[in-house]
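*Asks:* Encoded as structure tokens, here's the structure I'll be asking about.
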There are 2 protein chains.
Amino acid sequence: MNIGEASKASGVSAKMIRHYESIGLLRPPARGSNDYRLYAERDLHELRFIARARALGFSMKEIGELLSLWRNRRRASAQVRAIAGTHLKALEQRIAMMESVRATLSELVRCCHGDDRPDCPILDDLTLQR
Amino acid sequence: MNIGEASKASGVSAKMIRHYESIGLLRPPARGSNDYRLYAERDLHELRFIARARALGFSMKEIGELLSLWRNRRRASAQVRAIAGTHLKALEQRIAMMESVRATLSELVRCCHGDDRPDCPILDDLTLQR
DNA sequence: CTTGACCTTGCCATCATGGGAAGGTGTAGC
DNA sequence: GCTACACCTTCCCATGATGGCAAGGTCAAG
């Protein structure tokens, strides 16, 4: 199938498919006589893999590593778990940080009467009057 | 004071100070006879404002708007509240999405024995066998 | 043949931050 | 006065993932 069909079937935009190929994440597919890319079922599996991994927030680098492991029948699940574990930990840290920010913001918004008056606890907080 | 001192006093890198000036977020400061930038106390307040707003995750665009409001003694706190409220809502959505991803990942990592064997629920999930 | 969808490659942009290059300035120490 | 080092200037490029647009070619239905 052509790139547009592969895009629809995988949820990855044609643009990104080409991009992933350009950065080596995907192998260049077969080409037709018209130079159009031709994707096979196996290619589709990889595209779906990438789409799912992206959805889980893995970076392209991580996805590349995961793909290599997926392609390698002799992989050890420990390697996969290590990548996922690292990613999970980073994610948890980001969530915690954002949660902290949310709490601060939430409090500031709550304290702001939001009317015509110029006094504003949000701006005060940002200004950190010293 | 020079940019290095302003950087230390505000927590904003010299690079970013120049950058903020280049994008119009900060007004060009006075210059010495040697063409060095000279920052006054007022400039420092603005830098600290930006640093704090960045820490709260506001975008440069939002910070520009907040700075304008801060500079305007006639502002209405409602305007500030609106910006902060929008930002808070977006933040909450991002947190929720990341939390969902975290739960999925956490479960996958938990189910993975992480040993020498090749079978791996993480890769299986990514592959979405159909 | 025409038209519109699809395909190709290439260049640029987004957003916030930062590295490095090339060249100038200031000051302490010798 | 010279040297060395820290600091300053502007400029160009990069990051990471995604996407717009341009220019030109291909395909197939009407």
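*Asks:* Quick one: helix B:41-55 against the long Cα principal axis of chain B, what's the angle to the nearest 10°, folded into 0 to 90?
*Replies:* The helix B:41-55 is inclined about 10 degrees to chain B.
*Asks:* Using the Cα centre as the reference, give the magnitude of the dipole from point charges on the C-beta atoms of the protein assembly as shown (Lys, Arg: +1; Asp, Glu: -1; all else neutral), rounded to the nearest 20 debye. Don't skip to the answer; put the middle values down first.
*Replies:* Details: 44 positive and 32 negative charges, 88 e Å.
That gives a dipole near 420 debye.
*Asks:* Any chance you could give the angle, 0 to 90 degrees and rounded to 10, that helix B:60-71 forms with the longest Cα principal axis of chain B?
*Replies:* 40
*Asks:* Just from its helices, what would the mean residue ellipticity at 222 nm be for the protein assembly as shown, if runs of 4 or more DSSP H residues each count -39500 (n - 2.57) and the sum is divided by every residue, rounded to the nearest 500 deg cm²/dmol?
*Replies:* On the way: 12 runs with 172 residues, N = 260.
Value at 222 nm, helices only, nearest 500: -21500 deg cm²/dmol.
*Asks:* Oh, and also: In nm, to one decimal, how far is the modelled label at A:Thr127 from the one at A:Ala96, with both set 7 Å along Cα→Cβ?
*Replies:* 3.4
*Asks:* Could I ask something else about it? Report, in cubic angstrom per residue, the convex hull volume of the C-alpha atoms of the protein assembly as shown.
*Replies:* Each residue corresponds to 196 Å³ of Cα convex hull volume.
*Asks:* Could you name the lysines whose alpha carbon sits less than 25 Å from that of A:Lys89, not counting residues in the same chain fewer than 8 places away?
*Replies:* A:Lys61, B:Lys89
*Asks:* Taking every alpha carbon pair in chain A, what does the distance histogram look like in 5 angstrom bins from 0, in percent?
*Replies:* 2, 9, 14, 14, 11, 9, 8, 7, 7, 7, 6, 4, 2, 0, 0
*Asks:* Can you tell me the relative contact order of segment A:1-75? Whole percent, Cα pairs under 8 Å, sequence separation 6 or more.
*Replies:* Working: 55 pairs, mean separation 22.2, N = 75.
Normalised by residue count, the contact order of segment A:1-75 is 30 percent.
*Asks:* What does the net charge come to around A:Ile63 if you take all other residues with beta carbon closer than 13 Å to its beta carbon, with K and R at +1 and D and E at -1?
*Replies:* Working: positive: A:Arg48, A:Arg52, A:Arg54, A:Lys61, A:Arg71; negative: A:Glu46, A:Glu62, A:Glu65.
Neighbourhood net charge equals +2.
*Asks:* Okay, moving on. Cα centroids of segment A:1-41 and segment A:84-130: how far apart, whole angstrom?
*Replies:* Measuring centre to centre over Cα atoms gives 42 Å.
*Asks:* Using Stokes-Einstein with the Kirkwood hydrodynamic radius over Cα pairs, what translational diffusion coefficient do you get for segment B:24-70 at 4 °C and a viscosity of 1.567 mPa s, in µm²/s rounded to a whole number? Walk me through the intermediate numbers first.
*Replies:* Details: Rh = 11.5 Å.
For the chosen part, D equals 112 µm²/s.
*Asks:* Cβ under 12 Å from B:Ser7's Cβ, B:Ser7 left aside: what net charge do those residues give with Lys, Arg +1 and Asp, Glu -1?
*Replies:* On the way: positive: B:Lys8, B:Lys15, B:Arg18, B:Arg37, B:Arg48; negative: B:Glu5, B:Asp43.
Computed value for this residue: +3.
*Asks:* Here's another thing I want to ask about it. Neighbour counts of other C-beta atoms within 10 Å: give me B:Ser10, A:Ser59 arranged from fewest to most.
*Replies:* Values: B:Ser10 21, A:Ser59 12.
Placing the least packed residue first, the sequence is A:Ser59, B:Ser10.
*Asks:* Further question on the same structure: With a sphere of radius 11 Å drawn around the Cβ of A:Ala78, what net charge do the other residues whose Cβ falls strictly inside it have (Lys, Arg +1; Asp, Glu -1)?
*Replies:* Working: positive: A:Arg75, A:Arg81, B:Arg117; negative: B:Asp115, B:Asp116.
Counting the neighbours of A:Ala78, the net charge comes to +1.
*Asks:* Under a Cβ-only charge scheme (Lys and Arg +1, Asp and Glu -1), can you give me the dipole magnitude of segment A:1-75 about the Cα centre, in debye to the nearest 20? Walk me through the numbers on the way to the answer.
*Replies:* Details: 15 positive and 8 negative charges, 46 e Å.
For segment A:1-75, the charge dipole is close to 220 debye.
Each reported figure results from applying straightforward, stated rules to the coordinates on display, with no laboratory input. Just so we're clear, the structure is a prediction, and the values are computed from it rather than from any experiment. Glycine gets a Cβ as well: all are built from the backbone with ideal geometry, and neighbour counts include every protein chain shown.
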